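Read through the structure below, which is laid out as structure tokens, and then see the notes.
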Amino acid sequence: MATIILVIHLMIAVALVAVVLLQRSEGGALGIGGGGGGGGGFMSGRGAGDVLTRATGILAGMFFITSLSLGIIAARGGSGGSLLDNVPPPPVSSSAPAINVPAPLGSELQDATPEGTAPAVAPDAATPADPEEPAVPRAQ
């Protein structure tokens with residue numbers, strides 16, 4: 001309900017701004033608009049001024065009513081939230097699914113070990129020795 005009133009409220013606000021901007025300026029505060037000179041405007045004449053004044057009053061009243069109703073709805077707590085607030089979380093499984101990660105291409109161990117298991121390392125496998133000097137290119 002609040003959404004419908006809010007959409008109507010926004011449409012009234014846009015229409016009210018448009019009607020106010022269409023009205024002819026009567027004041028000469030900054031030396032613009034108003035007073036004399038010519039008249040072949042779009043909304044010239046006394047009758048058009050009365051229609052725009054009446055439309056401004058009606059739209060202002062409707063804006064006031066929708067503002068009050070939106071305030072009352074908000075004070076009462078509204079609709080209680082979004083539909084997405086009522087969605088239950090996805091079920092959590094107790095066992096995590098097994099993820100099979102393929103071995104890199106060109107690896108000798110790819111054919112030797114079955115999928116999902118780690119390759120066996122022999123206890124007497126020699127680790128490569130650290131180089132005596134770092135293999136950094138030197139300027140000559």
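Each value in this text was obtained by applying a stated rule to the coordinates, not by laboratory testing. None of these values were measured; they are calculated from a predicted model.
Things worth noting here:
- Computed lengthening from residue 72 to residue 2, 0.36 nm per intervening residue step minus Cα-Cα distance: 24.2 nm
- Contour excess over end-to-end distance, with Cα ends at residue 50 and residue 11 and 0.36 nm allotted per residue: 11.8 nm
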